[in-house]
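Quick notes on the structure that follows.
The values are calculated or read from the model by the stated rules, or taken from the named source; none is laboratory data. None of these values were measured; they are calculated from a predicted model. Virtual Cβ from ideal backbone geometry, glycine too; neighbours counted across all protein chains shown.
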């Protein structure tokens, strides 16, 4: 297949100039949050480039209820370095699925 331009680590097709690209950062964060919490993420809510990596905001179901509109969701921020390694993660919000707004405190 095509060369990686003579740069980089051989197999990582999603890096340019040695930096993790947005799509790969999101996929990595999803895999890590699954591994760390034992829960499957619902979606990526946000993705922000930092000076030395990425902050990925992920939503996941913390408590399933019937009806599912009353599920309890958690919003987590996963911080990755430029190599895609975990720097940290934290839950920043917990709320009911049917709850609207409330992003700011």
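Annotation: residue 94 fulfils all but one of (1) at pLDDT below 95; (2) at negative phi; (3) in contact with a strand residue (DSSP E or B) (Cβ under 9 Å, 6 or more places away or on another chain); the unmet one is (1).
None of 88, 53, 46 is loosely packed, with under 12 Cβ neighbours inside 10 Å, in contact with a strand residue (DSSP E or B) (Cβ under 6 Å, 6 or more places away or on another chain) and either free of Cβ contacts under 8 Å to residues at least 24 places away in the same chain or more than 23 Å from residue 100 (Cα to Cα) (or both) except 88.
Checking each residue in region 76-85 for being within 14 Å of residue 33 (Cα to Cα) and loosely packed, with under 15 Cβ neighbours inside 10 Å picks out only 85. Out of 73, 20, one residue alone is at pLDDT 95 or above and surrounded by 14 or more Cβ atoms within 10 Å (Cβ to Cβ). It is 73.
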